[in-house]
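To start, the structure under review is shown below, and the notes come after it.
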Amino acid sequence: MKTILIAGLGNPGKQFEKTRHNAGFMFLDYFQGENTDIFSDWKADKRLKSEISAGKTNNKKIILLKPQTFMNHSGEAVLAAKKYFKVRLTDIFVAHDEIDLPLGKHRFSTGSSSAGHNGAQNIIDRLGTKNFTRLRIGVENRSDKTEIPTEKYVLGKLTNEELKTLKTKFKASVSELATKFI
């Protein structure tokens, strides 16, 4: 049975909930929530430094992974899960926030550079390759990009309207992920 690993990036802890940087966690929560008949509840797994939810569909095992290592060390958890579940690089998907895309837009890319995203770069460094697929989730919604520094902006809380926009757009992202890759 083929195993697919879908990692959503974010930072653990209440203070980071609903921040732009946690778009990857939010995407996985949405994905798992829309498929509760397939996936288990979230469980902490210390050996994988993550929360995981597992399921089976179309003769494939799917592991949802939320690293608890903080964004800039996400590669530790992704590499641990890759090894533990014996996942091929071509079957690894990483969902994360993308400041270079408008709020709610998404883009799949395979084999691309990190484009300055520290979590993606750490995964590239740990895996020793950039040959995995990323779902880049747009979080840019500033009217004046010079007003708030990017580092502060991505750690800022999403407004209720922004959360609604993301959740509405997640449906299309899930559909595209399922159609193209699962």
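Can you tell me which residue is surrounded by the fewest Cβ atoms within 10 Å (Cβ to Cβ) among those in the stretch 87-123 that are without any contact (Cβ under 8 Å) to a residue 24 or more places away in the chain and of a type in the set (Ser, Thr, Tyr)? Per the stated criteria, the residue is 113. For the stretch 134-150, the condition holds for at least one residue, the condition being that it is of a type in the set (Gly, Ala, Ser) and modelled with pLDDT under 95.
Looking only at residues in the stretch 135-174 that are among the basic types (Lys, Arg) and touching a Lys or Arg at 6+ places or on another chain (Cβ under 6 Å), which one is farthest from residue 64 (Cα to Cα)? Within the stretch 135-174, the match that is farthest from residue 64 (Cα to Cα) is 157.
Identify the residue in the stretch 124-148 that is surrounded by 18 or more Cβ atoms within 10 Å (Cβ to Cβ), β-branched (Val, Ile, Thr) and free of Cβ contacts under 8 Å to residues at least 60 places away in the same chain and, among all such residues, is farthest from residue 7 (Cα to Cα).
Step by step, filter the stretch 124-148, then rank; the result is 124.
Restricting attention to the stretch 41-60, the residues being under 18 Å from the mean Cα position of the chain (by Cα) and either surrounded by 14 or more Cβ atoms within 10 Å (Cβ to Cβ) or closer than 23 Å to residue 171 by Cα (or both) number 11. Counting only residues that are part of a helix (DSSP H, G or I), closer than 20 Å to residue 69 by Cα and either among the β-branched types (Val, Ile, Thr) or in contact with a Lys or Arg (Cβ under 7 Å, 6 or more places away or on another chain) (or both), the stretch 1-45 holds 2 of them.
Per the conditions (1) within 23 Å of residue 171 (Cα to Cα); (2) modelled with pLDDT of 95 or more, the sole criterion not satisfied by residue 75 is (1).
Taken over the stretch 36-65, residues that are touching a residue at least 12 places away in the same chain (Cβ under 8 Å), in contact with a strand residue (DSSP E or B) (Cβ under 8 Å, 6 or more places away or on another chain) and more than 20 Å from residue 2 (Cα to Cα) amount to 6. Screening the candidates 68, 15, 32 for the property of being out of contact with any helix residue (DSSP H, G or I) (no Cβ under 9 Å at 6 or more places or on another chain), among the polar types (S, T, N, Q), surrounded by 14 or more Cβ atoms within 10 Å (Cβ to Cβ) and closer than 28 Å to residue 157 by Cβ yields one hit, 32.
Candidates in the stretch 149-182 are the residues that are among the β-branched types (Val, Ile, Thr) and free of Cβ contacts under 8 Å to residues at least 60 places away in the same chain; of these, the one that is nearest to residue 114 (Cα to Cα) is 150. Pairs linking a residue in the stretch 1-29 that is under 19 Å from residue 160 (Cα atoms) to a residue that is aromatic (Phe, Trp, Tyr), with Cβ atoms under 7 Å and 6 or more positions apart or on different chains, are 10/16; 10/25; 20/153; 22/16; 27/170. Does residue 91 meet the test of being acidic (Asp, Glu) and in contact with a strand residue (DSSP E or B) (Cβ under 6 Å, 6 or more places away or on another chain)? Yes; evaluated as a whole, the condition is true for this residue.
The values are calculated or read from the model by the stated rules, or taken from the named source; none is laboratory data. Predicted, not measured: the structure shown is a model, and the values here were computed from it. Cβ atoms come from the backbone with ideal geometry, glycine included; neighbour counts cover every protein chain shown.
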